[in-house]
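The values are calculated or read from the model by the stated rules, or taken from the named source; none is laboratory data. Quantities reported herein were computed from a predicted structural model and do not represent experimental measurements. Methodologically, a virtual Cβ is constructed for each residue, glycine included, from the backbone with ideal geometry; neighbour enumeration extends over all protein chains shown.
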Amino acid sequence: MDGIIACMAETISLTREELYKQVWTTPVSQLAIQYGISNVALGKLCRRMGIPTPGRGDWARRKAGQKLKRPALPKAQRGQSQSVTMTRDLSRKVTRPGGTKLQGKPPEVPVPETLAGSHEVVRRLAKLLQRAPLDEQERLVVGRALFVTPELHRRALLILDGLCKALERRGHTVALEGDGPQAALQVAVGDHRISFSISEALSRVPHDLSPEEKLRLDRGDSRGIRKYDHIPSGQLRVDVHQGHLARSSWSDRGGCSLERSLGHVILAVEAGAAQRKEELAEEEKQRVREDERRRREHEEHAQAERQRKLKKYRQLLADDLEAMAADWNHARQIQEFLDAYEAAIPQGSHTDVVRAWLEVARKYAGSLDPLSQPELVARDLDPDDDVLESAIKQSKESA
C-alpha cells in the first residue's frame, strides 16, 4: 500500500527565475492549485526566496486593461534558495479555477518485455544510441531526449515504447523532432506540443579527491575543487516540459518503479496541453484587448490632433475675416473717393483719359472688395482633413 501511495506523488522542480515568471503571468491562487499547496504557503515560499509578487487587486486591474509595471527579480541574498522542489499528491482531486477537473484516472500503460515491434521513435533512438556521445557522468546522450548509462538504456527504451503506444492510443502523436543536440521527444496533443525526456537521475556524493587536490588542500588552496560529485544513480526519471508551467518529473523512488507512474505522465502531458491552450486563448484575449487599447489611443490622438488643427484653421478664418473686412472698407473708401472725384469734374470735362482712368480705378476697387464675389466669403467651419492640411500649409508658406 505504501508503494502505491509513493507512486501517486509528482515532483515539480522550479528555479527561482521560473517561479518569478509564473507568479507574474498566472494568479497565485491558480498556481497554488497546480502545485497542490495553499495560497498562503506559496506566498511564504516566494517571500523566503525573495521573489516579488503582485499586490492585492493587481490582477483585477490587469483584467480591466491597466498596464502595471513588473518589479525586477532582485539578486538572491545569502541563504536564499535558487530553486525549489515540491511534491504533489496525485491521489487528491485537483481542480482548476471554475471547477474543471485537472487530474482524471490515470490510464494503464503496459511496458513490453522486449523491443520487438517497438514504436518508430524507439527504433530511431535505439539506432542513435549506438553512436551517442557520453556526458561527464558517463551517460549516453541523444539530444534533449535521452540521458542514460549503457546499463539502463534497454529499460529506458522499453518504458518509452510503452509510453509512446499508450499516448497514441489516446489519440496523440509522439515524434522525435530535430537532429543532433536539438533532438527532442514531443507529443502532439491536438494543436499543442509538449516535450518530454527520459534520463538516469544523478546522485550527489562527496567528491573523491585526487592526489593533486589533496596536496592543494594541504597548502590551503581550495579554488576549483568540488565538494560533491554527481554520479548516475541507477534510477530512471521522466521529465515533462510544459512550456510556461513547471517541469514535472516522475522517477524510481520509495520502492515504486517508474513503470507504475507512466499513467500520471500521460495525464501531465494532457494537462500541459490543456493549460497551454488556455494560455494561448488568454494571450489572444490580451492581444485583442491591447489592439483595442491601441486603436482607442490612436483615435484619441487623431481626434486631439484634429482639434488642434481645427483650432488653428478657425484662427486662420478669423484672420481672413479681419482681412476681408479691412479690404471691404478699403474698397469702399476708394469707391467713395472715385464718386466724389467724378462729381467734382466740371460738366464737359469728362475726357477720354478721365473716363478710362475711372474705369480702371473702379475695377481695381472692385477687385479689393470681397463682396464682389459673395459666394466665396463664407467658409466651412468643419472641413475634412485634406482641407485642414492644405489651409495650414498655405498659411505657413505665406507667413
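For residue 180, are the conditions met, namely being within 29 Å of residue 276 (Cβ to Cβ), exposed (fewer than 14 other Cβ atoms within 10 Å of the Cβ) and either free of Cβ contacts under 8 Å to residues at least 24 places away in the same chain or among the acidic types (Asp, Glu) (or both)? First the steps, then the outcome.
Details: within 29 Å of residue 276 (Cβ to Cβ): yes; exposed (fewer than 14 other Cβ atoms within 10 Å of the Cβ): yes; either free of Cβ contacts under 8 Å to residues at least 24 places away in the same chain or among the acidic types (Asp, Glu) (or both): no.
It is false that residue 180 is within 29 Å of residue 276 (Cβ to Cβ), exposed (fewer than 14 other Cβ atoms within 10 Å of the Cβ) and either free of Cβ contacts under 8 Å to residues at least 24 places away in the same chain or among the acidic types (Asp, Glu) (or both).
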Open item on the list: Go through (1) farther than 30 Å from residue 152 by Cα; (2) surrounded by fewer than 16 Cβ atoms within 10 Å (Cβ to Cβ); (3) of a type in the set (Gly, Ala, Ser) for residue 254 and report which single condition fails.
Closed with: (1)
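Conditions (1) touching a residue at least 12 places away in the same chain (Cβ under 8 Å); (2) under 60 Å from the mean Cα position of the chain (by Cα); (3) part of a helix (DSSP H, G or I); (4) over 30 Å from residue 305 (Cα atoms), marked per residue:
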site: 330; (1), (2), (3), (4): yes, no, yes, yes
site: 338; (1), (2), (3), (4): yes, no, yes, yes
site: 342; (1), (2), (3), (4): yes, no, yes, yes
site: 346; (1), (2), (3), (4): no, no, no, yes
site: 358; (1), (2), (3), (4): yes, no, yes, yes
site: 362; (1), (2), (3), (4): yes, no, yes, yes
site: 366; (1), (2), (3), (4): yes, no, yes, yes
site: 390; (1), (2), (3), (4): no, yes, yes, no
- [ ] Read through the list (1) more than 30 Å from residue 309 (Cα to Cα); (2) out of contact with any helix residue (DSSP H, G or I) (no Cβ under 8 Å at 6 or more places or on another chain), then give the number of the only condition that residue 334 fails.
- [x] (2)
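Residue 375: among the charged types (D, E, K, R) and exposed (fewer than 10 other Cβ atoms within 10 Å of the Cβ), yes or no? Steps first, please.
Working: among the charged types (D, E, K, R): yes; exposed (fewer than 10 other Cβ atoms within 10 Å of the Cβ): yes.
Yes.
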TODO: Report whether or not residue 282 is under 21 Å from the mean Cα position of the chain (by Cα) and among the acidic types (Asp, Glu).
DONE: yes
Task: Filter result (within 27 Å of residue 250 (Cα to Cα), hydrophobic (A, V, I, L, M, F, W, C) and surrounded by fewer than 16 Cβ atoms within 10 Å (Cβ to Cβ)) within the range 269-296 - done: 280
Open item on the list: Please pick out the residue among 202, 152 that is in contact (Cβ under 8 Å) with a residue 24 or more places away in the chain, assigned to a helix (DSSP H, G or I) and more than 33 Å from the chain's Cα centre (by Cα).
Closed with: 152
Open item on the list: Going through 344, 361, 399, 365 one at a time, which residue ends up being exposed (fewer than 10 other Cβ atoms within 10 Å of the Cβ) and at pLDDT 90 or above?
Closed with: 344
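A quick yes/no check of all residues on (1) part of a loop (DSSP other than H, G, I, E, B); (2) surrounded by 12 or more Cβ atoms within 10 Å (Cβ to Cβ); (3) at pLDDT 70 or above; (4) of a type in the set (Phe, Trp, Tyr):
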{"residue": "11", "(1), (2), (3), (4)": "no, yes, no, no"}
{"residue": "31", "(1), (2), (3), (4)": "no, yes, yes, no"}
{"residue": "42", "(1), (2), (3), (4)": "no, yes, yes, no"}
{"residue": "46", "(1), (2), (3), (4)": "no, yes, yes, no"}
{"residue": "76", "(1), (2), (3), (4)": "yes, yes, yes, no"}
Open item on the list: Any residue that is at pLDDT 80 or above and surrounded by fewer than 11 Cβ atoms within 10 Å (Cβ to Cβ) - is there at least one of those in the range 54-62?
Closed with: yes
Task: Selection status of residue 174, part of a strand (DSSP E or B), out of contact with any Pro (no Cβ under 7 Å at 6 or more places or on another chain), free of Cβ contacts under 8 Å to residues at least 60 places away in the same chain and not polar (S, T, N, Q) - done: yes
- [ ] Only one of these is surrounded by fewer than 17 Cβ atoms within 10 Å (Cβ to Cβ) and closer than 26 Å to residue 281 by Cα: 223, 170. Name it.
- [x] 170
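Looking at the range 55-83 only, could you name the residues that are touching a Lys or Arg at 6+ places or on another chain (Cβ under 8 Å) and either among the acidic types (Asp, Glu) or within 24 Å of residue 271 (Cβ to Cβ) (or both)?
Result: 83, single match.
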